[in-house]
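Student: Okay, handing you the structure first.
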Amino acid sequence: MQQPQLFRFQGPVAGVDEAGRGPLAGPVVASAVILAEETSIAGLDDSKKLGAKRRDELSTEIKARALAWSVAWCDAAEIDAVNILAATMLAMRRAVLGLSVFPTAIQVDGNRLPDLRFNGRCIEGEAIVGGDSKVPAISAASIIAKTTRDAIMERMDSLYPGYGFKRHKGYGTEVHRERLRQIGPCDQHRRSFAPVRMAG
């Protein structure tokens, strides 16, 4: 993986990414990962470029070899209460707070940073567009966030039968939209999203 020209931070740096901003149902999930400088995990990349089996394999390896990792989320009710962008930033902040090793800085995929004020001080941060395919720790966070969210949606499939969550993971596929029209939304749907609001 080619390394971009990034800031050089002193101390542990956490890569942060999210999964699930676009779906009509389920949580938005964020992960934070700190990799030791000497740790090299082959195959790290943007989770969307990897197959499900390879993501699961890498997720297991990341969790075993990372200096620290954490995962957190905001559920559908929180998304509706504050909006999807604010919920995404909150999930990222929760993921950072969940790390067993607190970072001196974070690098986030995208163009925005979450609130980085912790206990009266502000840690450094860098937002990197396309960071999930450029920075190994962000790639690792992308993979953990995606595999965690997929697992949550697969469990929801048995709790809320009829929507096909296991198949589409809550995204607005034609099948999902048709089921919404037929049976209406459940409490895992994001009612602030137009297709859900129109169906309910």
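Coordinate-derived values only; no laboratory data. What you are looking at is a predicted structure, and each value in this text was computed from that prediction instead of being measured. Neighbour counts are summed over all protein chains in view; Cβ atoms, including those assigned to glycine, are modelled from backbone coordinates with ideal geometry.
Student: Keeping to the stretch 162-200, report how many residues are of a type in the set (D, E, K, R) and under 14 Å from A77 (Cβ atoms). Give the derivation first.
Tutor: Kept after step one, since they are of a type in the set (D, E, K, R), are these residues of the stretch 162-200: 166-167, 169, 174, 177-179, 181, 187, 190-191, 197.
Right, trim to under 14 Å from A77 (Cβ atoms) and you get 187, 190-191.
Residues meeting the conditions: 3.
Student: Any residue in the stretch 42-71 that's surrounded by 14 or more Cβ atoms within 10 Å (Cβ to Cβ): show its pairings with residues that are of a type in the set (K, R) at Cβ separation under 7 Å, as long as the two are six or more apart or on different chains.
Tutor: From the stretch 42-71, the pairs are S47/R55; S47/K146; R55/K146; W69/K63.
Student: Every residue in the stretch 19-34 that is assigned to a loop (DSSP other than H, G, I, E, B) and not basic (K, R), please. Outline the logic, then answer.
Tutor: Residues of the stretch 19-34 that are assigned to a loop (DSSP other than H, G, I, E, B), as a first pass: 20-24, 26-27.
If the condition is that a residue be assigned to a loop (DSSP other than H, G, I, E, B) and not basic (K, R), then G20, G22, P23, L24, G26, P27 are the ones that fit.
Student: Okay, next question. Within the stretch 169-186, restricting attention to residues that are within 21 Å of the chain's Cα centre (by Cα) and in contact (Cβ under 8 Å) with a residue 60 or more places away in the chain, which residue is surrounded by the fewest Cβ atoms within 10 Å (Cβ to Cβ)? Before you say what the answer is, go through the steps one by one.
Tutor: So the first thing to find is which residues in the stretch 169-186 are within 21 Å of the chain's Cα centre (by Cα), and the list is 169-173.
With the extra rule that they be in contact (Cβ under 8 Å) with a residue 60 or more places away in the chain, the set shrinks to 169-172.
Details: K169: 23, G170: 26, Y171: 15, G172: 17.
So, considering only residues that are within 21 Å of the chain's Cα centre (by Cα) and in contact (Cβ under 8 Å) with a residue 60 or more places away in the chain, the one surrounded by the fewest Cβ atoms within 10 Å (Cβ to Cβ) is Y171.
Student: What are the pairs with Cβ atoms under 9 angstrom where one residue, in the stretch 72-86, is closer than 10 Å to F193 by Cα and the other, located anywhere, is in a helix (DSSP H, G or I)? Sequence gap at least six, or different chains.
Tutor: I79/A86; I79/A87; I79/T88; D80/A87
Student: Still on this structure: How many residues are within 14 Å of A19 (Cα to Cα) and surrounded by fewer than 16 Cβ atoms within 10 Å (Cβ to Cβ) if we restrict to the stretch 72-85?
Tutor: Step one: filter the stretch 72-85 for residues within 14 Å of A19 (Cα to Cα), giving 72-76, 79, 84-85.
When the remaining residues are screened for being surrounded by fewer than 16 Cβ atoms within 10 Å (Cβ to Cβ), the result is 85.
Number of matching residues: 1.
Student: Further, regarding this structure: For residues that are over 25 Å from R93 (Cβ atoms) and part of a loop (DSSP other than H, G, I, E, B), tally how many sit in the stretch 46-56. Don't jump to the end; show me each part of the working.
Tutor: Filtering the stretch 46-56 for residues over 25 Å from R93 (Cβ atoms) gives 49-54, 56.
Filter once more, so that each one left must be part of a loop (DSSP other than H, G, I, E, B): 50-51.
Going through the stretch 46-56 one residue at a time, the tally reaches 2.
Student: Take I138 and tell me if it is within 19 Å of G11 (Cβ to Cβ), surrounded by 17 or more Cβ atoms within 10 Å (Cβ to Cβ) and not charged (D, E, K, R). Spell out the reasoning first.
Tutor: Values: within 19 Å of G11 (Cβ to Cβ): yes; surrounded by 17 or more Cβ atoms within 10 Å (Cβ to Cβ): yes; not charged (D, E, K, R): yes.
Answer is yes for this residue.
Student: Looking only at residues in the stretch 103-135 that are among the small types (G, A, S) and exposed (fewer than 15 other Cβ atoms within 10 Å of the Cβ), which one is farthest from E18 (Cα to Cα)? Please lay out each step first, then the result.
Tutor: Initial filter on the stretch 103-135 (among the small types (G, A, S)): 105, 110, 120, 125, 127, 130-131, 133.
Retained after the next criterion (residues that are exposed (fewer than 15 other Cβ atoms within 10 Å of the Cβ)): 120, 130.
Details: G120: 25, G130: 13 Å.
Checking each candidate, the answer is G120.
Student: What about R112, is it in a helix (DSSP H, G or I) and either touching a Lys or Arg at 6+ places or on another chain (Cβ under 8 Å) or of a type outside the set (A, V, I, L, M) (or both)?
Tutor: no
Student: Also: Report yes if some residue within the stretch 143-161 is farther than 22 Å from D75 by Cα and aromatic (F, W, Y); otherwise report no.
Tutor: Residues of the stretch 143-161 that are farther than 22 Å from D75 by Cα, as a first pass: none.
Scanning the stretch 143-161 turns up no residue that is farther than 22 Å from D75 by Cα and aromatic (F, W, Y).
Student: Among the residues of the stretch 90-100, is any touching a Gly at 6+ places or on another chain (Cβ under 6 Å), buried (at least 19 other Cβ atoms within 10 Å of the Cβ) and within 21 Å of L44 (Cβ to Cβ)? Write out each step before concluding.
Tutor: Within the stretch 90-100, the subset touching a Gly at 6+ places or on another chain (Cβ under 6 Å) is none.
Looking for residues that are touching a Gly at 6+ places or on another chain (Cβ under 6 Å), buried (at least 19 other Cβ atoms within 10 Å of the Cβ) and within 21 Å of L44 (Cβ to Cβ), one finds none in the stretch 90-100, hence no.
Student: Restricting to the stretch 63-106, count the residues that are in contact with a helix residue (DSSP H, G or I) (Cβ under 9 Å, 6 or more places away or on another chain) and polar (S, T, N, Q).
Tutor: 2
Student: Enumerate the helices (runs of 4 or more DSSP H) found wholly within the stretch 140-200, keeping only those where 2 or more residues are closer than 20 Å to K53 by Cα. Before you say what the answer is, go through the steps one by one.
Tutor: On the way: elements: 165-168, 174-183, 194-199.
In the stretch 140-200, the matching helices (runs of 4 or more DSSP H) lie at 165-168.
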